[in-house]
Each structure stands twice: as structure tokens, then as C-alpha cells.
Amino acid sequence: MTAKLLVVDDEPRTAELTAEILRRAGYSVDVAGSGTEALERVRLGSPDLMLLDYEMPDMEAPEVLDSLRSGGERIAFPVIILTGARHSPADQVVGIERGATDYIVKGTDRQVMLARVRGALRERASAPGAVVRGRLHVDAFRGEARLGDRHLKLERRPLLMLQLLANRSGEVVPRSELLERVWGSSYTGFEHSMEQAVHQVRRELREPGWIETVRGIGYRFVVQN
């Protein structure tokens, strides 16, 4: 099945150029000229992936991401931010923390852009199945986590992190590995985001013993009765 992509950019020429590159690569591509239009398109039917311009007149990418998260739930599809001037590490951290999957600087070689798109789609398609550890049930692909009968409200990265730790139950997972596998980066600026994710998971579990901090190394998942 052909993946359906949505390119969001308020500059028509740039949007069509990006869309044409993606169409030639075999994707089905729609274009939206604003954040508002993008949200309306998503309401009518979610794409498999969105490429989102950072700066637009009606709303910037973090605002669009907040709307897509719909009351704190994870975004149901990968979002790659396209940015011109706003590509500092701080801007990237903001986007990633709001639920973006990746960043691409405008003008990046088309083959690199296509590789990043393929990678995001592949990650979504190959997401591991559900993990059950004691009373905990985690299914990152479906965006679900439960402790007993209680639904846990987790954003995308805390959910992915919890599933990764649960998969490696009893094993210490280094912080560096979590950054690479969940945040897709070794950039230490995401350390704060990782700590926030751990805090969110513990807060939702309401039982701190599930996630142990191994000082100076990383975190370990411990099944609770």
C-alpha cells in the first residue's frame, strides 16, 4: 500500500517542490498551506507521515503538535519538522518534546530527506508488539499502556521508553541507549527531556518501584506484584 504523506508549508512553491520529490519516490502526497488547514486534513483522515514547516503565519510547529496530541495523547503518525532559520538545538528539543519524530533543515539533499522519511515510516511499521510484565500492558504501536484496568496517559516518547525498559526487564538500560533509540539522537540536550519522560511514567504508574534509577548509568525496569 502506498504511504500517504502530508506536506505543510505556507510557501506554495516550497511545498510543491517538496511534494514533487516525494511523489517521484512513490508516495501519495497532499499539501496544506497552514497549520489550521493541516489540522483539518488530519481530522478528515490521518496521513501516514506529516512534514511540517516550523514557522507559519497562523501557528508554529509546536502549536500544531500540541493540537495533534489531542489532550495529551500521543500523535498517531510520525511528524518531521521542516525548518529554515529555526534549527538550533534548543528549537529541536522543543519540537521533539512536543511529539515530533525528526527535524530536516530546508535545502537538505533530497536523498537524505527521502532516507529520513523512509526511516520514520519503517520505525512506525516495525514497532514491536505489546509487552506484558505483571500487571503492566504496553503497546507503543497502538499508543496504549495499562496498569491493571487503569489506562496510563503517556505521550509518545515516555510510552516508547516504558516499552523499551519493559522489554529489557531487570536489565540496566544506559541513558545513552535511551537517547539513541527513543529520541533518535545522542545530543545531551535531550537529557532533560528524558528525565521528564521518566517522571511522567512514574507519575502515571503511581508506584515508583517499576522504574529504578541506576545512578550514573541509566534505568532498570522491575516488575511489581
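Observations on the structure shown:
- Every pair of residues 6+ apart whose Cβ atoms lie under 8 Å, when the first sits in the range 197-225 and is touching a residue at least 60 places away in the same chain (Cβ under 8 Å) while the second is of a type in the set (Gly, Ala, Ser) and not in a loop (DSSP other than H, G, I, E, B): 221/166; 224/209
- Test: residue in the range 90-105 that is at pLDDT 85 or above and over 17 Å from the mean Cα position of the chain (by Cα): yes
- Residues in the range 179-225 that are in a helix (DSSP H, G or I), among the hydrophobic types (A, V, I, L, M, F, W, C) and under 20 Å from residue 145 (Cβ atoms): 182, 183, 194, 197, 198, 201, 205, 210.
- Members of the range 120-156 found to be in a helix (DSSP H, G or I), touching a Ser or Thr at 6+ places or on another chain (Cβ under 9 Å) and either at pLDDT 85 or above or not basic (Lys, Arg) (or both), listed by number: 120, 123
- One residue alone among 49, 39, 65 is surrounded by 15 or more Cβ atoms within 10 Å (Cβ to Cβ), of a type outside the set (Gly, Ala, Ser), in contact with a Pro (Cβ under 8 Å, 6 or more places away or on another chain) and closer than 22 Å to residue 96 by Cα, and that residue is 49.
- Taken together, the residues in the range 15-36 that are in a helix (DSSP H, G or I) and surrounded by 17 or more Cβ atoms within 10 Å (Cβ to Cβ) amount to 6.
- Taking the criterion of being modelled with pLDDT of 80 or more, farther than 18 Å from residue 123 by Cα and of a type outside the set (S, T, N, Q), the residues of the range 177-196 that qualify are 191, 192, 194, 195.
Yes/no matrix, rows are residues, columns are (1) more than 30 Å from residue 103 (Cα to Cα); (2) among the basic types (Lys, Arg); (3) buried (at least 19 other Cβ atoms within 10 Å of the Cβ):
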| position | (1), (2), (3) |
| --- | --- |
| 137 | yes, no, no |
| 152 | no, no, yes |
| 160 | no, no, yes |
| 169 | yes, no, no |
| 181 | no, yes, no |
| 202 | no, yes, no |
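Rundown of residues vs (1) in contact (Cβ under 8 Å) with a residue 24 or more places away in the chain; (2) outside the structural domain of residue 63 (by TED's automatic domain parsing); (3) under 28 Å from residue 222 (Cα atoms), yes/no style:
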site	(1), (2), (3)
97	yes, no, yes
104	yes, no, no
135	yes, yes, yes
147	yes, yes, yes
150	no, yes, yes
155	yes, yes, yes
160	no, yes, yes
170	yes, yes, yes
174	yes, yes, yes
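- Some residue of the range 25-39 being modelled with pLDDT under 90, under 17 Å from residue 5 (Cβ atoms) and out of contact with any strand residue (DSSP E or B) (no Cβ under 7 Å at 6 or more places or on another chain): no
The values are calculated or read from the model by the stated rules, or taken from the named source; none is laboratory data. Predicted model only: the values in this text are computed from it and were never measured. Neighbour counts run over all protein chains shown; Cβ positions are idealised from the backbone, glycine included.
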